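Input: a single structure, listed below in structure tokens.
The values are calculated or read from the model by the stated rules, or taken from the named source; none is laboratory data. Bear in mind the structure is a predicted one, so any value in this text is a computation, not a measurement. Every residue, glycine as well, gets a Cβ built from its backbone with ideal geometry; the counts of neighbours run over all protein chains shown.
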Amino acid sequence: MLKLCRTDYDAIRRHGEETYPHECCGILLGTFNEDGTRVVTSTARCGNTRTDSAHNRYNIDPRELVRIQREGRDRGEDIVGFYHSHPDHPAQFSPTDLAEAHWFGCSYVITSVEKGNAVVTNSFELSGADESNKRLLDEKVEVV
Ligand SMILES: [Zn+2]
């Protein structure tokens, strides 16, 4: 399960509306509860480096990822997930999304944005023992 406050939830959705018709992407920072719940305490926007196909691909610059991870650690936050938007596509992960997901135990949040308006926001947990049997599982999103 993913828990986040209304402000962070809205920020993720608004980011997708602002970058429409391109995909937005960003990082979720927070803590892992003992029961496996991820609790988001802040979000970080990232630039989408995929200028060739920004409407249906996203990529986070590794240097930006490292910087955000370091800044989070300074505040006592871990990376607990990632988010991106699907302009005019359902909030379901694509085969590419699964292939490019590597953070086991983290949340992958997808928001569908139709005609510039954020519609559905879903989250998936990357599960599995390694790259060969990884899968994205539906998880509950609780906005508190
Ligand atoms: Zn996607």
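Just checking, which of T19, T43, T37, T51 is loosely packed, with under 14 Cβ neighbours inside 10 Å, among the hydroxyl-bearing types (S, T, Y) and either on the phi < 0 side of the Ramachandran plot or at pLDDT 95 or above (or both)?
T51
With the condition kept exactly as written, say whether any residue in the stretch 135-144 is in contact with a helix residue (DSSP H, G or I) (Cβ under 8 Å, 6 or more places away or on another chain) and at pLDDT below 95. Yes, the stretch 135-144 contains a residue that is in contact with a helix residue (DSSP H, G or I) (Cβ under 8 Å, 6 or more places away or on another chain) and at pLDDT below 95. When the stretch 29-88 is filtered for residues that are within 16 Å of the ligand (Cβ to nearest atom), within 20 Å of L136 (Cα to Cα) and in contact with a helix residue (DSSP H, G or I) (Cβ under 6 Å, 6 or more places away or on another chain), the ones remaining, listed by number, are Y83, S85. The set of residues in the stretch 58-95 being outside any helix (DSSP H, G or I) and over 22 Å from G30 (Cβ atoms) consists of N59, H86, P87, D88, H89, P90, Q92, S94. Checked against (1) over 18 Å from P21 (Cβ atoms); (2) near the ligand (Cβ under 10 Å from one of its atoms); (3) assigned to a loop (DSSP other than H, G, I, E, B); (4) over 12 Å from the mean Cα position of the chain (by Cα), L98 passes all but condition (3).
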